[in-house]
Amino acid sequence: MSTLRSRPGYVFLLTVLFVGIIASAAAVTLTMLGLAMEQTSQSIHQSMQAYENVRSCIERALLDLRTDPTAAGDYSITLPYGTCSVEMYGGAGNYNRTICASGTYKNIVRMVEVQVRRLYPSVRIQIWRDVTSFSLCN
Amino acid sequence: MSEHRESAEQRPNVTGKRPGFLLLEVLLGIVVFSIFLGAAGVTLLSGQQGTMMGGDRVRGTYAALRGLEAVRSIRHKSFSSLTAGQKGVRIGSDNKWEFNGTSQVFSGGYLNAVHVNLITANLARITSSTQWTFWPVRSGMTTLTTDLTNWTATGSVANWSSITLEGAVTPGGTPLFNRIAVKGNYAYVTSMSGNRIYVFDISNTAAPVRVANTLSIGKPAYGIAIRGDRLYVGTDDSNEEIMVFNISSPATLTTANQVATVNIDASPIVYGMAFRGDMLIATIQFHGSFPEVFAFRTTTGGTVTQLGTLDIGANVYDVAISGTGAYIATDADSAEFRLVNITSGGNLRLQGTAYNFTGTEDGRAVAISGTSALMGRARGTGISEVSMLNTTLGGGSPPAANYYEGSGAVLDIDFDSTGCYAFIPTQSVARAFRVINFKNIALPELTSWNSNATYGQARAVYYDFVRDRVYVATDTSFLVFRPAAGTGPCS
């Protein structure tokens with residue numbers, strides 16, 4: 001004798017369970033989307049800070065070369081949020097100098113290379129680009 | 001056989017009528033559904049909140065970035081505009097960023113404030129913070145920090161058509177100075193006799209002072225170059241053709257500060273030295289079956305490693321680097337000016353055609369400005385000792401009218417930072433130091449300076465583009481020249 005037909009509530013219960021599972025899946029998905037958005041926003045902030053770190057190093061490098069054109073470069077700086085480092089300066093004298101720097105914040109690394117057409121009487125920058133590997137510096 | 005008939009009460013309920021049991025299941029279903037709904041609702045709200053908070057953070061970060069860019073724009077106008085303290089930023093009536101108040105509310109309700117911390121006179125640390133509060137559970141803050149320096153300061157080149165001898169040092173004897181290099185507040189000068197390396201404090205260009213008086217290397221010194229805290233000196237010593245010194249304490253420099261040496265076979269004289277990044281190009285006076293151009297890799301510590309050589313069959317007195325080319329001045333009678341490709345230090349090679357100047361006087365000096373070069377030569381009765389060349393042709397160009405009469409050997413040349421003024425020391429007492437207009441193809445002389453028995457003939461020159469000063473070294477003295485105030489024909 002079929003017990004299913006004699007237990008209509010069982011169907012309702014199953015329906016509720018299925019609906020609940022679907023709803024839960026949707027909720028979990030939306031939760032994960034929210035988490036992903038949180039992580040994305042964190043990554044955006046970290047990436048921007050890493051980029052500001054590399055700009056900080058380039059600022060210092062330009063001042064360094066303006067102050068002493070014989071400076072060699074090749075140093076690292078600890079910043080309030082992360083670090084930055086500068087490769088050895090390219091070129092010599094007043095013209096055609098190159099600066100390659102990288103900035104780090106948490107696990108994000110940003111790299112920028114700059115070609116300076118001249119230092120004096122005023123700095124003229126010919127190339128400033130965001131890179132994944134340096135091509136202007138050895 | 002009797003049929004077993006069950007009473008109605010005994011028959012099982014085949015229609016499923018179980019009073020009270022469905023209600024139980026409905027209640028159970030409602031409870032389960034409520035649990036699911038509650039959990040799902042909470043997670044749903046949590047996810048939504050995360051999404052919204054993430055979006056808030058992104059917008060807040062961009063607001064903080066905008067604050068930094070505003071300060072960067074203000075710095076570009078004038079670094080002195082960056083005064084310490086907390087500030088707000090806004091776009092002023094001139095459509096440029098300016099400081100305003102102590103904070104600024106950007107669209108969307110984001111409150112931004114920038115904090116300027118002056119670390120040194122030329123270095124500022126900028127912290128841009130953005131806060132927001134929309135709901136009690138939806139608030140936050142984000143911060144970005146960057147450093148700004150005063151590299152945007154604009155220098156100027158004054159009027160070099162009128163010069164004044166500002167300062168002079170005569171160490172005694174007749175050193176016969178050869179080459180000059182400058183780092184910071186000190187000028188380093190090589191010489192053929194005397195102490196061979198002289199150090200002058202030029203922090204006050206009106207009163208230069210000789211320091212490191214005890215430094216003496218005991219051999220004639222010629223070429224000179226500086227990279228970082230290392231001074232590279234070319235000599236004619238048979239075992240130490242290149243000497244490397246640590247010049248982090250220039251006022252007390254002695255031979256004890258020597259950190260490395262390079263021994264080049266056949267004991268040549270290292271005349272010319274120039275850097276391209278960390279590659280040192282050295283040129284020597286010794287020819288035959290022996291290279292005259294050397295490429296070395298150097299480190300910040302002063303370690304020198306030979307990369308490659310090039311035999312061109314002539315003495316090479318000077319070298320000037322532009323891009324991947326090393327322009328050399330030689331004593332070859334039909335190739336005084338040549339170009340060496342230095343793209344790879346291990347694969348030095350001649351490039352383009354050599355240039356044959358009138359006469360056979362040696363090429364002694366070369367300097368590059370843009371796509372042109374000036375070459376100085378030994379004195380000749382039938383020649384002009386200074387010649388202008390076009391470097392884009394790979395080796396030289398027809399002379400046309402690009403000659404300048406030196407009236408004496410020209411052993412060194414330098415340019416100002418605009419490439420307009422060319423500074424030429426000559427081995428003559430009359431008009432020992434001259435300034436010519438390099439932008440004018442006729443190379444007109446703008447001014448000159450007569451030496452006298454005290455200072456002797458001029459041998460070396462160096463333009464200090466940080467100070468806008470020219471240093472000239474003669475047979476006996478180290479001289480400082482300054483330009484006249486105002487603008488000149490090159491402005």
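Structure summary
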{"quantity": "Condition check for A:Ile108: hydrophobic (A, V, I, L, M, F, W, C), at pLDDT 95 or above and in contact with a Ser or Thr (Cβ under 6 Å, 6 or more places away or on another chain)", "calculated": "yes"}
{"quantity": "Looking only at region B:38-68, and only at residues there that are of a type in the set (A, V, I, L, M) and facing chain A (nearest Cβ under 7 Å), the one that is nearest to B:Gln86 (Cα to Cα)", "calculated": "B:Leu68"}
{"quantity": "Subset of region A:35-46 (residues that are surrounded by 17 or more Cβ atoms within 10 Å (Cβ to Cβ) and among the small types (Gly, Ala, Ser))", "calculated": "A:Ser41"}
{"quantity": "Qualifying positions in region A:74-105 - at pLDDT 95 or above and of a type in the set (Gly, Ala, Ser)", "calculated": "A:Ser76, A:Gly82, A:Ser85, A:Ala101, A:Ser102, A:Gly103"}
{"quantity": "Region B:149-165 residues that are within 18 Å of B:Ser81 (Cα to Cα) and at the interface with chain A (Cβ under 7 Å from one of its Cβ atoms), paired with ones that are at pLDDT 95 or above and assigned to a strand (DSSP E or B) (beta carbon under 8 Å, 6 or more apart)", "calculated": "B:Thr149/B:Leu123; B:Thr149/B:Ala124; B:Asn150/B:Leu123"}
{"quantity": "Residues that are among the hydroxyl-bearing types (Ser, Thr, Tyr) and surrounded by fewer than 18 Cβ atoms within 10 Å (Cβ to Cβ), drawn from region A:115-138", "calculated": "A:Ser122, A:Thr132, A:Ser133, A:Ser135"}
{"quantity": "Considering residues of region B:414-431 that are hydrophobic (A, V, I, L, M, F, W, C) and over 24 Å from A:Ser122 (Cβ atoms) only, the residue surrounded by the fewest Cβ atoms within 10 Å (Cβ to Cβ)", "calculated": "B:Ala430"}
{"quantity": "Region B:436-475: number of residues that are in a strand (DSSP E or B) and either within 20 Å of B:Phe177 (Cα to Cα) or not hydrophobic (A, V, I, L, M, F, W, C) (or both)", "calculated": "18"}
{"quantity": "Selection status of A:Tyr75, free of Cβ contacts under 8 Å to residues at least 12 places away in the same chain and either surrounded by fewer than 21 Cβ atoms within 10 Å (Cβ to Cβ) or touching a Cys at 6+ places or on another chain (Cβ under 6 Å) (or both)", "calculated": "yes"}
{"quantity": "Region A:14-41, residues that are within 21 Å of the chain's Cα centre (by Cα) and more than 7 Å from chain B (Cβ to nearest Cβ)", "calculated": "A:Ala36, A:Gln39"}
{"quantity": "Residues located in region B:476-491, provided they are in a strand (DSSP E or B), surrounded by fewer than 22 Cβ atoms within 10 Å (Cβ to Cβ) and not small (Gly, Ala, Ser)", "calculated": "B:Arg482"}
{"quantity": "Answer from B:Val470, B:Val435 - the residue that is in contact with a Ser or Thr (Cβ under 9 Å, 6 or more places away or on another chain), surrounded by 23 or more Cβ atoms within 10 Å (Cβ to Cβ) and at pLDDT 95 or above", "calculated": "B:Val435"}
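Each row is one residue, and each column tells you yes or no for (1) closer than 26 Å to B:Thr61 by Cα; (2) more than 10 Å from chain B (Cβ to nearest Cβ).
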| residue | (1), (2) |
| --- | --- |
| A:Tyr51 | yes, no |
| A:Asp64 | no, no |
| A:Gly73 | no, no |
| A:Met88 | no, no |
| A:Asn107 | yes, yes |
| A:Val114 | yes, yes |
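The values are calculated or read from the model by the stated rules, or taken from the named source; none is laboratory data. In this text the structure is predicted, and so the values were computed from the model without any measurement. Because the Cβ atoms are built from the backbone with ideal geometry, glycine has one as well, and the counts that use them run over all protein chains shown.
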